[in-house]
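Chemist: Next up is a structure, given as structure tokens.
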There are 4 protein chains.
Amino acid sequence: MGSSIGKLFTVTSFGESHGRCLGVIVDGCPAGIPVAEADIQKEVDRRRAGLSIASTNRTEEDKVEILSGILNGFTTGAPVCLAVWNKDVDSSDYEKNRYLLRPGHADYTAYMKYGGFNDYRGGGRFSGRITAGFVMAGAIAKKVLSLINVDILAHTVEIGGIKAGAVEPGKIKESADKNPLRCADAAAAAAMTELIAKVKSEGDSVGGVIEGIALNVPVGLGEPVFETLDGELAKALFSIPAVKGVEFGAGFNVAKMKGSQNNDPFAIRGGKIITTTNNAGGILGGISSGMPIMVRVAVKPAPSIAQPQQTVDIKDRKEAPLTVKGRHDACIVPRAVPVVEAMMAIVLCDFSLRAGLIRG
Amino acid sequence: MGSSIGKLFTVTSFGESHGRCLGVIVDGCPAGIPVAEADIQKEVDRRRAGLSIASTNRTEEDKVEILSGILNGFTTGAPVCLAVWNKDVDSSDYEKNRYLLRPGHADYTAYMKYGGFNDYRGGGRFSGRITAGFVMAGAIAKKVLSLINVDILAHTVEIGGIKAGAVEPGKIKESADKNPLRCADAAAAAAMTELIAKVKSEGDSVGGVIEGIALNVPVGLGEPVFETLDGELAKALFSIPAVKGVEFGAGFNVAKMKGSQNNDPFAIRGGKIITTTNNAGGILGGISSGMPIMVRVAVKPAPSIAQPQQTVDIKDRKEAPLTVKGRHDACIVPRAVPVVEAMMAIVLCDFSLRAGLIRG
Amino acid sequence: MGSSIGKLFTVTSFGESHGRCLGVIVDGCPAGIPVAEADIQKEVDRRRAGLSIASTNRTEEDKVEILSGILNGFTTGAPVCLAVWNKDVDSSDYEKNRYLLRPGHADYTAYMKYGGFNDYRGGGRFSGRITAGFVMAGAIAKKVLSLINVDILAHTVEIGGIKAGAVEPGKIKESADKNPLRCADAAAAAAMTELIAKVKSEGDSVGGVIEGIALNVPVGLGEPVFETLDGELAKALFSIPAVKGVEFGAGFNVAKMKGSQNNDPFAIRGGKIITTTNNAGGILGGISSGMPIMVRVAVKPAPSIAQPQQTVDIKDRKEAPLTVKGRHDACIVPRAVPVVEAMMAIVLCDFSLRAGLIRG
Amino acid sequence: MGSSIGKLFTVTSFGESHGRCLGVIVDGCPAGIPVAEADIQKEVDRRRAGLSIASTNRTEEDKVEILSGILNGFTTGAPVCLAVWNKDVDSSDYEKNRYLLRPGHADYTAYMKYGGFNDYRGGGRFSGRITAGFVMAGAIAKKVLSLINVDILAHTVEIGGIKAGAVEPGKIKESADKNPLRCADAAAAAAMTELIAKVKSEGDSVGGVIEGIALNVPVGLGEPVFETLDGELAKALFSIPAVKGVEFGAGFNVAKMKGSQNNDPFAIRGGKIITTTNNAGGILGGISSGMPIMVRVAVKPAPSIAQPQQTVDIKDRKEAPLTVKGRHDACIVPRAVPVVEAMMAIVLCDFSLRAGLIRG
């Protein structure tokens, strides 16, 4: 249950890490949107590229297949089903350690929730690999949003305590694309790369922070009081495995600020109402203000590490040591960057349809 | 649109700050739950008490009325409608400044979204006063959750940069109730009080952080991948006006941690599987782990301040100065504490019904 | 649970027959729609007028109160809460017969579902009186639909086996308003009146059929495959107590027809694509075709009758005779006519918003 | 949009008649349910068998593939994706007649709704073939319902005016399975067969009525007032292409009945509360009463006929004759029988989960 998101632009996820495929259904996409497999492949590839620096041994081609909803290069208005097939699957390690709960993973909660029937191979439904489906749906959402010029980008702003310096907004996208860390500050990216290599050599991992930005969002998206734009974005972003915090604009810094500092003064520039600062992160009262949507997402260090750990055997209900071989990501942050974009795109697309800005 | 939350335990908010009433409908509450007006009044009063230290001039009795769904002291299974009537309403200031966009408020976004038809008096639907309805619904949710011993509490952990020291979990509730700041650390509470007085005298306001805790939550609540427990809690918490960030467990600190530090080792204590640390904040893979749910919420400084501000007149589309008289909260954090509890209770109640732990 | 209907135009019902009030919240109504209490009162009065011929003894003024969401005569975009207060309530009969299950009523199912905690007075949530809320919401929906010229009307086409003759579509509304039966065929109305009087004198009741028509519905409303226009209309219409069947266009007659008879040929008239017959009832593939939506609704005879009946005492779990005094409707069909209109309006309004024809 | 049904047991349909595949995702199925491909194949085969008497030329193997959510023969709690691949596809006729609106089909409404981008080949999303997905989901729902002994069956009760005689309830299933018409009255089945052959030879088609029955449904399923059991069943049944009417129990006959005839007297039999008649069709106040759910569904004659028809060319916007070759079903009623069962199973499964009778 709970595998769908969105009211009018509805994304349903299916598939498992070691099952036959990973996929997604996008229902509610307007008809007549030009979508090529290449548009979707590009986002799936960006997600895979994020692996290059600190990747697992698994190498999946992840070739996108359109199973329904697109005819002669255009969406038909019918549900769009997209899938990648799992091919390079080796579940032997998971069979061996099946009952050893991996700390930081969902092994325990999934076992208890599903009475031990959950697919435990490669984390099953809880694998980061599930996000391949998210970016496929996000690729469609981006195409739809391009109709109203909404532009979405994300970049790495912190890894293991190393913070990226400020980069001129107009240059973030281009700069972030230049390194596998997707960090727009080249110097910080170099330091992060070094840190990740060190951490990897120690059989450990590091976390980080991703910033997501949406530009040209029209004023008025979001529904008070219970379907706010910030609330729905946060909900969507917490669907990304490993996310532990979401903040908008000044975020947790507001705790140290005074109202006179935090309030964004309104002004008129070029005939347009704007705010001269953006501590609100583009959202006031749960509704987009026309200023850039600014969100930051905390990503925990990958729970799969090579170091021995203390855990419990759920079958024997006894404490037991755990050592997992192979396939560790020292840092999953870069890989999560396109996923953050995807989830933002999905939510903004849904609200644009709700507002009638795009006809469904 | 968007005034409802929850799939099986559904809360619908209505009413405005200066309208006839503020209310809420709770649909899906199981029949046979003993609910007295006093149970609900208690939470509404706690929310009002939060005002005492730094309050507006408005004094509302906020007497709760049960309009439907409860007969002879028990829920009937029908929708429960609860309301408080607005009495002490003076909209004259709002008439005068109707077209001056108050920075940090939703005046601009609401005006644009609703074409100027929104109720502008006292912030209308965007007033913090709307949360009176939230706590009424939360009071019902708490009663339902008490059937399975789930206990929810929240407390102030930071105001204007002053952080509360750690308090033994078992003593937080009792200690936090001892001061109007709802801060469990008495020394910090004293410093916060002083700061708020100073800030108030300057015509300014301060923000803070609230920590919410849910104890005895059964393993297994939350639905991967798009209706995760953390995602739904975050969505609910962002419905509280002024919230700008939500984090679970180690939260944004994960950016500085290694996997070996952040992973919570599993162990067995008293025959029960637990984790020896709780960086996960009680949620793994979007599902409750049985450990305490720990969430922190950033609350921005109240946007209504006495200092003059720069803004825009939306009717004339000209820049204009703004000075708002009377009725300022120097700090809305304490008042938001019971609201955080309410939103947590609503979400956990919904998931408990979905899991069939409580029959609807 | 389940007290809401509609995705973007969402109606939530609350209140009980003998509780404090009956009401409704309309969420998602666009801002700026002119709505006066009189617009809503008119529909509530039409529903009450349906009682005149065969009414209960209960006389409620049913004065509509707007509790939220409307300011200075226009909707604000916030949830609109509407209520009528119950005043003429005498629950003594219901106390006496509390455990005697009234045949044809929901006494048994409600008792079992809610463990005996349901409000049994006057049928509680299951009273036909609940539809006062439906027509209030429908009045708002009609106002919204008038923006795109959609016109909705319903009329009585059969009572107790007496069928109304065909009336020219353009004259149905005017003719149906001329008699309390809301039957456009005056001769049939007279016969129905006679029949009802006879049945009433026997302490019995009769059922009937209502036809609902929606004109000027744009092509394209309805969503295949699971949120079809016919499916959503049917769901909404079955919410009206006593409805036992719903059919569109040729309806159950299709079982006797051949494809060559039932297929509506397409043609062009005045440059517009139409069908020369309307066996489809204005819906093809779950989507409106631009032809009039034609739906017929079977309404069972009112279950409250004066004749003695055989039943069970649920407390003693023994068979027992039942005789109910006073307050019987010999025919609830006329009263249900405006309710059919209301439910049609609510569904069509929701789909018009979904289609972006009206901006939310 | 609108391709999903169900709140806790959620079925999402995808695929087109001439696309790559037809499929369905079942989300919310409890973990640990034994499901083999054969269980699902059986229902898909029953649907295909319904074609034998009056089938199109298209012969699809319709081999079911499980793409996700089932591991080692048991559901895992993850979304179950099921698909059959389209193989025997010849779209040439559809290319030729692409712009000729077939009367009784959704060609016109789909063209208008989707701006001509809809998949027109074989009716695309509007083909009866879409129901292959429905029965796959229904097969899962039936497995879940078997946990609480709910039994669902449907049979043909009328075709082209020929009505089946009453059959003892306990013998319907067995008898209906004996002929391809799925009619439990052998004599009527023979007459229907003859009629269909005659109609087929005339290049025409006939409609009919299917009765669906659910046995052992616990008391208490269904939610007043807007998510009634009858309402949700009706909505689900109208998703089946060609359905034009739905009635419960006495159905449209109530228009001719008196309350004293229609009210089902309560009685006690074997210590259990029952009603001695079942005019209510097992539903009172939108809630199951424990008596058999009885629903009848009107199925229109297949719109594809060999006779020449009058229509419009949507591209030229001119009237034009239409003659379609090959592939006609003289009667789609038998094929729809397992689909009626599937939709009933899906709805009842959803309500059983909502009621906590089965844990999700």
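The values are calculated or read from the model by the stated rules, or taken from the named source; none is laboratory data. Just so you know, these numbers come straight off a predicted model, no measurement behind them. In this analysis, Cβ positions are derived from the backbone assuming ideal geometry, glycine residues included, and neighbour counts consider all displayed protein chains.
Chemist: Just one of (1) crowded, with 24+ Cβ neighbours inside 10 Å; (2) at positive phi trips up B:ALA302, so point out which.
Modeler: (2)
Chemist: I need a count of the residues in the stretch A:5-38 that are under 24 Å from D:LEU71 (Cα atoms) and in a strand (DSSP E or B).
Modeler: Going through the stretch A:5-38 one residue at a time, the tally reaches 10.
Chemist: Just checking, how many residues over the stretch B:157-183 are under 22 Å from B:ALA141 (Cα atoms) and touching a Gly at 6+ places or on another chain (Cβ under 7 Å)?
Modeler: The total comes to 1.
Chemist: Further, regarding this structure: Considering each of B:PHE248, B:PHE266 in turn, give the residue that is free of Cβ contacts under 8 Å to residues at least 12 places away in the same chain and among the aromatic types (Phe, Trp, Tyr).
Modeler: After applying the criteria, what remains is B:PHE266.
Chemist: Can you report the number of residues in the stretch B:281-313 which are assigned to a loop (DSSP other than H, G, I, E, B) and either at the interface with chain A (Cβ under 7 Å from one of its Cβ atoms) or not polar (S, T, N, Q) (or both)?
Modeler: Looking only at that region, the number is 16.
Chemist: Condition (residue is in a helix (DSSP H, G or I) and out of contact with any helix residue (DSSP H, G or I) (no Cβ under 9 Å at 6 or more places or on another chain)) applied to the stretch B:258-280: is it met by at least one residue? First the steps, then the outcome.
Modeler: The initial filter retains those residues of the stretch B:258-280 that are in a helix (DSSP H, G or I), namely B:259-262.
From the residues that got through so far, the ones that are out of contact with any helix residue (DSSP H, G or I) (no Cβ under 9 Å at 6 or more places or on another chain) too are B:260-261.
Checked against the condition, which is being in a helix (DSSP H, G or I) and out of contact with any helix residue (DSSP H, G or I) (no Cβ under 9 Å at 6 or more places or on another chain), the stretch B:258-280 yields at least one hit.
Chemist: If you check every pair at least six apart or on different chains, which have Cβ atoms under 9 Å apart with a residue in the stretch C:72-85 that is free of Cβ contacts under 8 Å to residues at least 12 places away in the same chain and facing chain B (nearest Cβ under 7 Å) first and a residue that is outside any loop (DSSP other than H, G, I, E, B) and crowded, with 23+ Cβ neighbours inside 10 Å second?
Modeler: Pairs found: C:ALA78/B:PHE14; C:ALA78/B:GLY15; C:ALA78/B:GLY124; C:ALA78/B:ARG125; C:ALA78/C:ASP27; C:ALA78/C:SER68; C:ALA78/C:ILE70.
Chemist: Take the conditions aliphatic (A, V, I, L, M), at pLDDT 95 or above and over 21 Å from A:VAL199 (Cα atoms) and apply them to A:VAL347. Does it pass?
Modeler: So A:VAL347 passes the test.
Chemist: I'm checking my understanding of the structure. Among residues of the stretch C:11-23 that are under 17 Å from C:LEU237 (Cα atoms) and in contact (Cβ under 8 Å) with a residue 24 or more places away in the chain, which one is nearest to the other protein chains (Cβ to nearest Cβ)?
Modeler: C:SER13
Chemist: Check C:GLU247 against each of (1) among the charged types (D, E, K, R); (2) surrounded by 24 or more Cβ atoms within 10 Å (Cβ to Cβ); (3) more than 7 Å from chain D (Cβ to nearest Cβ) and name the one condition it does not meet.
Modeler: Every condition holds for C:GLU247 apart from (3).
Chemist: For residues that are in a helix (DSSP H, G or I) and at the interface with another protein chain (Cβ under 8 Å from one of its Cβ atoms), tally how many sit in the stretch A:220-236.
Modeler: Result for the stretch A:220-236: 6.
Chemist: Considering the stretch C:276-295 alone, what residues qualify as being of a type outside the set (A, V, I, L, M, F, W, C) and surrounded by fewer than 24 Cβ atoms within 10 Å (Cβ to Cβ)? Quick ask: steps written out before the conclusion?
Modeler: Of all residues in the stretch C:276-295, those of a type outside the set (A, V, I, L, M, F, W, C) come to C:276-279, C:281-282, C:285-286, C:288-290, C:292.
C:THR276, C:THR277, C:ASN278, C:ASN279, C:GLY290, C:PRO292, listed by residue number.
Chemist: State whether one or more residues within the stretch A:314-331 are more than 7 Å from every other protein chain (Cβ to nearest Cβ), in a loop (DSSP other than H, G, I, E, B) and among the acidic types (Asp, Glu).
Modeler: yes
Chemist: To continue, here is another question. Looking only at residues that are of a type in the set (A, V, I, L, M) and at the interface with chain D (Cβ under 7 Å from one of its Cβ atoms) in the stretch C:250-279, which one is nearest to C:GLY123 (Cα to Cα)? Give the derivation first.
Modeler: First, pick out the residues of the stretch C:250-279 that are of a type in the set (A, V, I, L, M): C:250, C:254-255, C:257, C:267-268, C:273-274.
Pick out the ones that are also at the interface with chain D (Cβ under 7 Å from one of its Cβ atoms) and you get C:250, C:254-255, C:257, C:267-268, C:273.
Working: C:ALA250: 35, C:VAL254: 37, C:ALA255: 37, C:MET257: 42, C:ALA267: 51, C:ILE268: 52, C:ILE273: 48 Å.
Among those residues, the one meeting the criterion is C:ALA250.
Chemist: Which one of these is surrounded by fewer than 19 Cβ atoms within 10 Å (Cβ to Cβ), within 14 Å of chain D (Cβ to nearest Cβ) and either closer than 28 Å to C:PHE9 by Cβ or in contact with a strand residue (DSSP E or B) (Cβ under 9 Å, 6 or more places away or on another chain) (or both): C:TYR99, C:TYR108?
Modeler: The match here is C:TYR99.
Chemist: Moving to a separate point now. Taking the condition of being facing another protein chain (nearest Cβ under 7 Å) and charged (D, E, K, R), how many residues in the stretch D:24-45 meet it?
Modeler: 1
Chemist: What residue, of D:VAL217, D:VAL206, is in contact (Cβ under 8 Å) with a residue 40 or more places away in the chain, more than 8 Å from chain C (Cβ to nearest Cβ) and buried (at least 24 other Cβ atoms within 10 Å of the Cβ)?
Modeler: Only one candidate qualifies: D:VAL217.
Chemist: Which pairs turn up if I take residues in the stretch B:86-98 that are over 15 Å from B:ILE314 (Cβ atoms) and without any contact (Cβ under 8 Å) to a residue 60 or more places away in the chain and look for partners that are surrounded by 11 or more Cβ atoms within 10 Å (Cβ to Cβ) and of a type in the set (Lys, Arg) with beta carbon separation below 6 Å, at least 6 apart in sequence or on another chain?
Modeler: From residues that are over 15 Å from B:ILE314 (Cβ atoms) and without any contact (Cβ under 8 Å) to a residue 60 or more places away in the chain, the pairs are B:ASP88/B:ARG58.
Chemist: Out of (1) at pLDDT 95 or above; (2) more than 17 Å from D:ALA141 (Cα to Cα), the odd one out for D:ILE40 is which?
Modeler: Exception for D:ILE40: condition (2).
Chemist: Continuing with the same structure: State all residues of the stretch C:237-249 that are touching a helix residue (DSSP H, G or I) at 6+ places or on another chain (Cβ under 6 Å), hydrophobic (A, V, I, L, M, F, W, C) and assigned to a loop (DSSP other than H, G, I, E, B); if no residue qualifies, say none.
Modeler: Correct list: C:PHE238, C:ILE240.
Chemist: Next question, about the same structure. State yes or no: is B:ARG335 touching a residue at least 24 places away in the same chain (Cβ under 8 Å) and either in a helix (DSSP H, G or I) or hydroxyl-bearing (Ser, Thr, Tyr) (or both)?
Modeler: Yes: the conditions hold for B:ARG335.
Chemist: Now for a different question. Is at least one residue of the stretch C:253-269 crowded, with 24+ Cβ neighbours inside 10 Å, at negative phi, aliphatic (A, V, I, L, M) and under 14 Å from the mean Cα position of the chain (by Cα)?
Modeler: No, every residue in the stretch C:253-269 fails to be crowded, with 24+ Cβ neighbours inside 10 Å, at negative phi, aliphatic (A, V, I, L, M) and under 14 Å from the mean Cα position of the chain (by Cα).
Chemist: Checking the conditions here, which among A:VAL89, A:VAL84 is of a type in the set (A, V, I, L, M) and at pLDDT 95 or above?
Modeler: Just a single option satisfies the conditions, and that option is A:VAL84.
Chemist: Out of everything in the stretch B:155-203 that is over 19 Å from the mean Cα position of the chain (by Cα), crowded, with 22+ Cβ neighbours inside 10 Å and more than 14 Å from chain A (Cβ to nearest Cβ), what residue ends up being nearest to A:LYS258 (Cα to Cα)? Spell out how you get there, then give the answer.
Modeler: Taking the stretch B:155-203 and keeping what is over 19 Å from the mean Cα position of the chain (by Cα), we get B:161-171, B:174-175, B:178, B:185-203.
Okay, now just the ones that are also crowded, with 22+ Cβ neighbours inside 10 Å, so B:162, B:164, B:185, B:189, B:192, B:196, B:199.
From what is left, the residues that are more than 14 Å from chain A (Cβ to nearest Cβ) are B:185, B:189.
Values: B:ASP185: 22, B:ALA189: 18 Å.
Filtering the stretch B:155-203 for residues that are over 19 Å from the mean Cα position of the chain (by Cα), crowded, with 22+ Cβ neighbours inside 10 Å and more than 14 Å from chain A (Cβ to nearest Cβ), the one nearest to A:LYS258 (Cα to Cα) comes out as B:ALA189.
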